[in-house]
Amino acid sequence: MSQRVVEQVKKQFPGAVLESHSQYGDDTIVVEPSQWAEIARFLKESPKISMEMLTDLTAVDYPEREPRFEVVAHFCSLSKGHRLRMKARVGDADGKKVELPSLEPLWASANWMERECYDLFGVVFMGHPDLRRILMYPEFEGHPLRRDYPAQRSQPLIEYRDVPNIEKLPPFGSDEGMSFGRQTHQFMNDEE
């Protein structure tokens with residue numbers, strides 16, 4: 001079924017699919033970076049394809065080749081029962097020009113996935129509404145999943161961020177755990 005999706009994309013975007021292959025029943029297309037968002041929109045909005053779900057988005061670093069990075073998105077159609085992997089190759093040998101249009105306007109789930117990919121690999125998603133670090137702290141230098149990131153590197157030390165007027169709930173003591181309150185505690189108290 002997914003092979004038909006590949007054929008539909010090739011027909012709709014002549015020349016934009018650089019290569020395609022199937023392995024263990026999973027179909028993959030590698031597309032022109034300039035067509036990334038347009039092909040994704042087609043995958044979602046075409047009634048015959050109807051990829052309602054973006055299940056994953058990440059990157060792979062290949063420092064020995066150019067373009068250096070492959071950004072990988074996995075799509076799933078719940079209504080049609082097929083899935084597709086789409087890749088785009090971006091970035092120069094120095095890890096610069098690693099840019100693609102954001103998929104966040106199409107799938108809200110892309111928001112956090114693109115932030116994670118930006119944080120760990122340095123992929124810039126143009127048009128993203130809030131592109132900032134999500135796993136590393138703001139002062140963290142570099143992108144830890146790039147292959148050239150030095151594993152023994154020391155990062156800048158920052159002061160402990162104490163958030164005033166927030167009590168931590170068990171099992172956390174006042175000096176450990178999350179630095180934000182849990183709203184579920186309030187709801188549980190309201191039900192009693």
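Key figures for this structure:
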item	result
Complete set of residues in segment 111-126 that are in contact with a Pro (Cβ under 8 Å, 6 or more places away or on another chain), within 24 Å of ALA93 (Cα to Cα) and of a type outside the set (A, V, I, L, M)	PHE125
Exclusive hit being in contact with a strand residue (DSSP E or B) (Cβ under 6 Å, 6 or more places away or on another chain), within 23 Å of ASP148 (Cα to Cα), of a type in the set (D, E, K, R) and surrounded by fewer than 17 Cβ atoms within 10 Å (Cβ to Cβ), set GLU64, GLU70, GLU99	GLU99
Selection count where residues are over 16 Å from ILE39 (Cα atoms) and touching a residue at least 12 places away in the same chain (Cβ under 8 Å), scope segment 105-117	8
Hits in segment 78-96 (condition: under 15 Å from LEU54 (Cα atoms) and either among the β-branched types (Val, Ile, Thr) or in contact with a strand residue (DSSP E or B) (Cβ under 7 Å, 6 or more places away or on another chain) (or both))	LEU78, ARG83, LEU84, ARG85, MET86, LYS87
Count of segment 19-55 residues which are touching a helix residue (DSSP H, G or I) at 6+ places or on another chain (Cβ under 8 Å) and surrounded by 13 or more Cβ atoms within 10 Å (Cβ to Cβ)	13
Those residues of segment 63-104 which are of a type outside the set (Gly, Ala, Ser), without any contact (Cβ under 8 Å) to a residue 40 or more places away in the chain and part of a loop (DSSP other than H, G, I, E, B), in sequence order	GLU64, ARG65, GLU66, PRO67, ARG68, LEU78, ASP92, ASP94, LYS96, LYS97, VAL98, GLU104
Contacts under 9 angstrom Cβ, first residue in segment 1-30 being among the basic types (Lys, Arg), partner outside any loop (DSSP other than H, G, I, E, B) and surrounded by 16 or more Cβ atoms within 10 Å (Cβ to Cβ), 6 or more apart	ARG4/HIS82; LYS10/VAL17; LYS10/SER20; LYS10/ILE29
Near pairs, Cβ below 7 angstrom, 6+ apart or cross-chain, from segment 142-156 (within 16 Å of CYS117 (Cα to Cα)) to any residue that is among the small types (Gly, Ala, Ser)	HIS143/GLY122; ARG146/GLY95; ARG146/GLY122; TYR149/GLY142
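Any read-out appearing in this document is the output of simple, stated calculations on the displayed coordinates, not a laboratory observation. This structure is a prediction, so every number in the text was calculated from the model and none was measured. Virtual Cβ from ideal backbone geometry, glycine too; neighbours counted across all protein chains shown.
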